[in-house]
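To start, the structure itself, in structure tokens.
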Amino acid sequence: MKQILTIGLVLLLSSAEAQQHSLQKIWETDSIVAVPESVLYTKDGMFVSLIDGAPWESDGKGGIARIGVDGKNYNDTWISGLNAPKGLGIYGNNLYAADMGDVVVVDIQKGAVQKRIPIPGASGLNDITVSDKGIVYVSDSRNNRIWRINNGDPQLFMDSVAGVNGLKAVGNNLLVAAGKNFISVNPQKQVTKIAELPLGLDGIEPIGNGDYLTTAWNGFVYYVYADGRVETLLDATKDKKNTADLGYDPVKKILYVPTFNGKTVAAYQLK
């Protein structure tokens, strides 16, 4: 009997391990979103960075839109006059946007740019994240650097981070998309490798149980386990859709994916 129970337990565990997560599309906007790079979820609605032009040109065409969590009430004129904005982060009433060489600080209540923080030598700022203490981190993809901003003062945090793109502050650590390598950096700048992905990473969102959702700009969404295993949740290349810096509702387990050249935002239920 003991042997039968042991075999049954092994089969049950094997079956559980074999189960994969999946995504079910809930909605997708029309192709009206002007080259969306990043979606930032809040319970009151979402912010979307709009490049609306060439991805690495300071042309003043960019902006930040607002959209409801149901895909409705799209407002693409909330903030305008930016330069190919990409990553977004929020702390209190401030929204931070990576805007080529500056971090733009937006007063959310007023819906207006409050100030710009120039990043020394930068012309390719990419993603932004804000810690629970209000520390802002921004990646400079052209120079392979990560900058740390405290009280408006930018200081170089890490140099020579090959392929640096997506960032996510979780507790005292910083999660970093460094090309295909998904790494965690502690306050002493010690690096721990979480996983290696098939393609270079873009967006990073923790699930809340030690696992993560990540994207590759080419059109893929991945589920990354804490132990480094990787599942492909979505391949949008057949539809010629990109998958840039995603947003995530951890309560309802809904992903919000900007499709960049696809010019839409799509919502998916994680199952």
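Can you run phi through the Karplus equation (6.51, -1.76, 1.60; θ = phi - 60°) for the stretch 47-57 and list ³J(HN,Hα) in whole Hz, with x for Gly and Pro?
So the J values, rounded to whole Hz, are 9, 10, 7, 10, 6, 6, x, 5, x, 10, 10.
Only Cα pairs within less than 10 Å get springs; with that Gaussian network setup on the chain, which residue of Tyr222, Tyr91, Tyr41 has the largest fluctuation?
Tyr91
Report, in whole Å, the centroid distance computed from the Cα atoms of the stretch 183-206 and the stretch 216-239.
That distance is 15 Å.
Could you please state, rounded to a whole Å, how far the C-alpha centre of the stretch 62-103 is from the C-alpha centre of the stretch 146-165?
So the separation of the two Cα centres works out to 21 Å.
Along the charge dipole of the chain, which of Val138, Leu88, Leu23 sits closest to the positive end, that is, farthest toward it, with unit charges on the beta carbon of Lys, Arg, Asp and Glu (+1, +1, -1, -1)?
Leu23
Using a Gaussian network model of the chain with C-alpha springs under 10 Å, which one of Val164, Val136, Val251 is most mobile by mean-square fluctuation?
In this elastic network of the chain, the residue with the biggest mean-square fluctuation among Val164, Val136, Val251 is Val251.
Quick check for me: using +1 on Lys/Arg Cβ and -1 on Asp/Glu Cβ, what's the dipole size of the stretch 23-270 about its Cα centre, in debye to the nearest 20?
180 debye
Roughly what angle does helix 2-18 make with the longest principal axis of the chain, taking Cα atoms, 0 to 90 degrees, to the nearest 10?
30 degrees
Count the net charge of all other residues whose Cβ sits under 10 Å from the Cβ of Phe220, scoring Lys and Arg as +1 and Asp and Glu as -1. All intermediate terms of the calculation are to be shown ahead of the outcome.
Values: positive: none; negative: Asp202, Asp235.
Its environment carries a net charge of -2.
222 nm [θ] for the chain, helices only, -39500 (n - 2.57) per DSSP H run of 4+, per residue, to 500? Write out the running numbers ahead of the final one.
Numbers: 1 runs with 17 residues, N = 271.
Value at 222 nm, helices only: -2000 deg cm²/dmol.
Can you work out the Karplus-derived ³J(HN,Hα) for every residue in the stretch 71-81? Use 6.51 cos²θ - 1.76 cosθ + 1.60 with θ = phi - 60°, whole Hz, and x for glycine or proline.
Coupling constants for the stretch 71-81: x, 9, 6, 6, 10, 9, 10, 4, 10, 10, x Hz.
Could you calculate the contour length gain from Ile32 to Lys238, that is, 0.36 nm times the residue separation minus the distance between their Cα atoms, to one decimal place in nm? Mind showing how you got there, number by number?
On the way: separation 206, 0.36 × 206 = 74.16 nm, distance 2.03 nm.
Stretched fully, the Ile32-Lys238 segment lengthens by 72.1 nm.
Build a GNM of the chain with springs between Cα atoms under 10 Å: which of Ile128, Ile194, Ile32 gets the top mean-square fluctuation?
Among Ile128, Ile194, Ile32, the largest mean-square fluctuation in the Gaussian network model of the chain belongs to Ile32.
When the chain is fully extended, how far beyond the present Cα-Cα distance does Asn94 get from Lys271, taking 0.36 nm per residue of separation? Mind showing how you got there, number by number?
Details: separation 177, 0.36 × 177 = 63.72 nm, distance 3.25 nm.
This chain segment gains 60.5 nm when fully extended.
So if I place +1 on the C-beta of Lys and Arg and -1 on the C-beta of Asp and Glu, and nothing else carries charge, what would the dipole magnitude of the stretch 25-135 be about its Cα centre? I want it in debye, nearest 20. Before the final figure, lay out the partial values.
Numbers: 10 positive and 14 negative charges, 63 e Å.
Here the stretch 25-135 has a charge dipole of around 300 debye.
Is the stretch 23-270 rounded, prolate or oblate when judged by the Cα gyration tensor, a ≥ b ≥ c being the square roots of its eigenvalues, rounded requiring a/c under 1.5 and prolate requiring a/b larger than b/c?
rounded
Residue by residue through the stretch 138-151, what is 3J(HN,Hα) from phi via Karplus (6.51 cos²θ - 1.76 cosθ + 1.60, θ = phi - 60°)? Round to whole Hz and write x for glycine and proline.
Once θ is set to phi - 60°, the couplings for the stretch 138-151 become 9, 8, 10, 5, 6, 10, 6, 10, 10, 10, 10, 10, 10, 6 Hz.
Positive end of the dipole of the chain, charges at C-beta (+1 Lys, Arg; -1 Asp, Glu), about the Cα centre: which of Pro206, Asn261, Val103 has its Cα farthest in that direction?
Result: Pro206.
Looking at the stretch 92-188, which trypsin sites (Lys or Arg not before Pro) are DSSP coil and have at most 13 other C-beta atoms within 10 Å of their C-beta? Intermediate values should be presented prior to the final figure.
Values: sites: Lys110, Lys115, Arg116, Lys133, Arg142, Arg145, Arg148, Lys168, Lys180; in loops: Lys110, Lys133, Arg142, Lys180.
Those satisfying the criteria are Lys110, Lys133.
Rule-based calculations on the coordinates, nothing more; no lab input. None of the values given here were measured: they were computed from a predicted structure. Here Cβ is always computed from backbone atoms with ideal geometry, including for glycine, and neighbour counts include all displayed protein chains.
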